[in-house]
Structures are given as C-alpha cells and as structure tokens.
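Notes follow the structure.
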Amino acid sequence: MELKQAMEAATAELDVRPGFVGDVMAGGRRRHTRKLVAITAAVALLAGVTTGVALTRSPEPPEDPRLTATTTGPHAGDSELIATALHLWDEAQKQPWKPYEPVTEVSKRANVFWTGQTPSGPIALVAQEVRVRDSARPATLVGLVADGAVAGREVVQAEARDNETGLYRFGPLGDHYVVLTLGRTVSWSLKPARGPDNRLARVWATAPHDEDGVVFTVAPLADRPVFVRGDSVPQPDDFTRQPILSRYDYRPDRAFVPHPGLGWSGQNCATGTPEERRTPPGTKADDPKRELQKRALLDYLVGWDVTGDWSVCAWLPDGRYALMFEAYGELYGALYQPDGTFSAPVLGGRAVKGEPAVLALPDGQGTIVADFGATIGPQERDHAWLAPAGTKEVTVRQQGVPKVVQLP
C-alpha cells in the first residue's frame, strides 16, 4: 500500500473526510463516482509532486552554446584583443536600439566566441543573452566587431533560430564578408553571365570555412557576390534560392537616403484602365521579378538599391497587362493574361538617370515610354505613355522643355 500511504501523506492538509484515500483506491461508491474522479485528479497531481514524478511541459530550447563557448580562432589567446572587442560591444549598446532590435534587457556579460584575422585587421564574433519584447524566453544578441566598431549584430530568438542571418559585411569598401554556416552548406557565386538566349548562369562553389563553421572572404561589390545557405549547392540556372542578406542589404534606417538608379518612386500607368478591367491582373499574380528569376532572366536581388522604387503599368491592345521596372540599371517587363497568368518576359536596355525609360513590347503591342514628372506623347499624358506600334519618335516635356526621343 505504498501508493496509498503516499497519497494520504500528500493530502494530509486537505479538508476531506476520513478514509477518503481508501475509497479512492477502492473506487468508492457509485453515487460518489463523479465527485471522486475530480478529486482523484487533484490527489494524483499532488502525489506526483510528492513522489518526484516529472510533469509534462513544453520543451525549452537549449541555451545558445555561443553564450558560454570557449573563444576559438587565431586570436583566442589574445586577452587584450578580446577585452577591446567586449568594450566596443558594450559601447555600441549605449546608442538607442534600432526598430528591428526589440531588446528590453541585456545580461551583464557578453562572450567572444570566435576571433579571426582579415586584411583590415583582427575581428571578433560576440554573443550576449538579452530579453526581447513579446517573448518570455531569452534571446541571443550576436554580432561582429571589426574595424574598431560593431560592424553588425542581430537578435536571434530562441524559438526562431532558423531565421538567423549570420552574414556580416565590413571593411573599407564594404567588400569583406563573414558568414556563419550554422550547421549547413554555404555556397557562393560571383559575376552572373548572360548567354546568347539571354538566360543567366552563375558558377557556384561551396564557401571554404574553418573548423568553427565561419567563412571569411573578400568579394568586390561589382562582381555581385551572392551567398546561399542550404543543404546543396544551387544549379547554375537556379535564381530562386533565398540569398543571405546582411544589414547592409536593407534600406538604411536613416532619413533622406536617395534611391539610386532613375530615382523615381511609385507606380504610374501608361494607359487608361479598360471599363471591364477593374483590378489589374498583376495584383493577383506572382511578383514580376520572381517570374523572371524563375526563367533565369533576372539575377538574385541582393541589396535594397539594386531595384528601382517604381513601376509602370499598361493595358495592351490584345487585352494583356504589362509591368515595367528597373533592376541593376536595366529595364525589364512582364506581361500577364487578363486572368493574372504570366504571359511573357521582356528585356529592355539601360536605365539612364535623366533620360526617359523606353521598353519595346513584343507581338506588336507598342512601346512604353516613361519619365516621371514629365508629359509624354501627343496627348501629353503624365509620367508614362504607351506608344502604338510603328511609332518612331515621341516628344517628352520635362518641366515644359520638349525633347524628342527616338523609339526602337
């Protein structure tokens, strides 16, 4: 009767009638069944606590090992370097947290878990436990100290560690990269090449890393370096993988940063909307950039500044719908059927700042001419105009000054 004795001990301070536990063990009388079932559950819970039975809980994610890991890398024994890195790390936290850093509390001690050497000097990777908004679990603040400052950092939440970016850009030209493998394969590629069929191809290779899973490389920005983390190396014509983006690759968090390229913003239409077409099919279709990437016609989009902030739409004579946009200083287009089905890609010429953008459409559908802020064509349409097929030139008036543009 050890279980009975344990239950009696666990319920000694409960206000129940004498012999209650015995009735529970025996099943009790029928008319007490429902009452006893409820009380038995409470008794069993107490008995579980008394006898050391573990209660089932949601599994807690293990602590991030980088918080306590022994420092590795070529400068692991350099106490002065480590102390300097920690000082710079602490100094950076005196500045207000960025909107994308939901930190509410920082632990007392950070940990340098890796050190390295680069052409611009030694570097260190640091981890520190933090508390964040909207989560009861501690998170990890991870970052890189390089060039005498914190070159980048990110908050890695315990329940979303798979979302860690683990890529840092630094150096005098911003062309030094540290990439964490995070237990997977990191592939990298430079200089896409366009073939005679206008399709792009990239040569990929597994990025070399040290025994701690840290990649360091220097890659000129003009070579369009792309890093991908996954279980395999991408195929040469695969432009659909998710590239690893650093904080550099997002729009700067300071005001009044002009957008490169043509510098336009917003969407304008080169035609009116047909009466029977209330909703542009492009709004129901995939991103036109994604459609071109699927067909290896558009490169990986790494960096907030590689695409324009604008687009031009047009309803075409054959009922299709066109979207024109800018990427890597080139003009592109995508055609859709009225139901939103992708129809055809369009590759244009260079996008030259200060000049109208001109995109010739296939199948005799005309030419889109755009110049935001200008009036275009014989009807002096604002911002953009669809020139009918066969049109050889068009007049564009920017601030009242006319300019004749030759069309292909």
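The values are calculated or read from the model by the stated rules, or taken from the named source; none is laboratory data. Just so you know, these numbers come straight off a predicted model, no measurement behind them. Backbone-built Cβ (ideal geometry, glycine too); neighbour counts: all protein chains shown.
Summary of values
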{"read-out": "Answer residue from the stretch 365-387, given it is touching a residue at least 40 places away in the same chain (Cβ under 8 Å) and surrounded by fewer than 19 Cβ atoms within 10 Å (Cβ to Cβ) and is nearest to Leu262 (Cα to Cα) among those", "value": "Phe372"}
{"read-out": "Condition check for Arg153: of a type outside the set (S, T, N, Q), part of a strand (DSSP E or B) and buried (at least 18 other Cβ atoms within 10 Å of the Cβ)", "value": "yes"}
{"read-out": "Meets criteria (within 28 Å of Thr375 (Cβ to Cβ), at pLDDT 65 or above and part of a loop (DSSP other than H, G, I, E, B)) for Gly266", "value": "no"}
{"read-out": "Cross-chain or 6+ apart pairs with Cβ under 9 Å, the stretch 182-205 first and under 30 Å from Arg66 (Cβ atoms), then surrounded by fewer than 16 Cβ atoms within 10 Å (Cβ to Cβ) and among the polar types (S, T, N, Q)", "value": "Thr185/Thr206; Thr185/Ser232; Val186/Thr206; Ser187/Thr206; Ser187/Ser232; Trp188/Thr206; Trp204/Gln235"}
{"read-out": "Sole residue being in contact (Cβ under 8 Å) with a residue 24 or more places away in the chain and under 29 Å from the mean Cα position of the chain (by Cα), chosen from Leu407, Leu331", "value": "Leu331"}
{"read-out": "Qualifying residue in the stretch 196-204 (condition: touching a Lys or Arg at 6+ places or on another chain (Cβ under 6 Å) and more than 24 Å from His87 (Cβ to Cβ))", "value": "yes"}
{"read-out": "Gly329 closer than 30 Å to Leu200 by Cα, exposed (fewer than 14 other Cβ atoms within 10 Å of the Cβ) and either in contact with a helix residue (DSSP H, G or I) (Cβ under 7 Å, 6 or more places away or on another chain) or not charged (D, E, K, R) (or both)", "value": "no"}
{"read-out": "Unique residue being under 17 Å from Trp315 (Cβ atoms) and part of a strand (DSSP E or B) when the list is Asp363, Asp382, Asp371", "value": "Asp382"}
{"read-out": "Selection count, the stretch 163-172, where residues are farther than 14 Å from Phe216 by Cα and touching a strand residue (DSSP E or B) at 6+ places or on another chain (Cβ under 9 Å)", "value": "3"}
{"read-out": "Some residue of the stretch 313-325 being within 26 Å of the chain's Cα centre (by Cα), outside the structural domain of Ala222 (by TED's automatic domain parsing), of a type in the set (A, V, I, L, M) and buried (at least 19 other Cβ atoms within 10 Å of the Cβ)", "value": "yes"}
{"read-out": "Failed condition for Gly174, given (1) in contact with a Phe, Trp or Tyr (Cβ under 7 Å, 6 or more places away or on another chain); (2) more than 30 Å from Gly349 (Cα to Cα); (3) of a type in the set (Gly, Ala, Ser)", "value": "(2)"}
{"read-out": "Glu91 under 29 Å from the mean Cα position of the chain (by Cα), charged (D, E, K, R), exposed (fewer than 15 other Cβ atoms within 10 Å of the Cβ) and modelled with pLDDT of 95 or more", "value": "yes"}
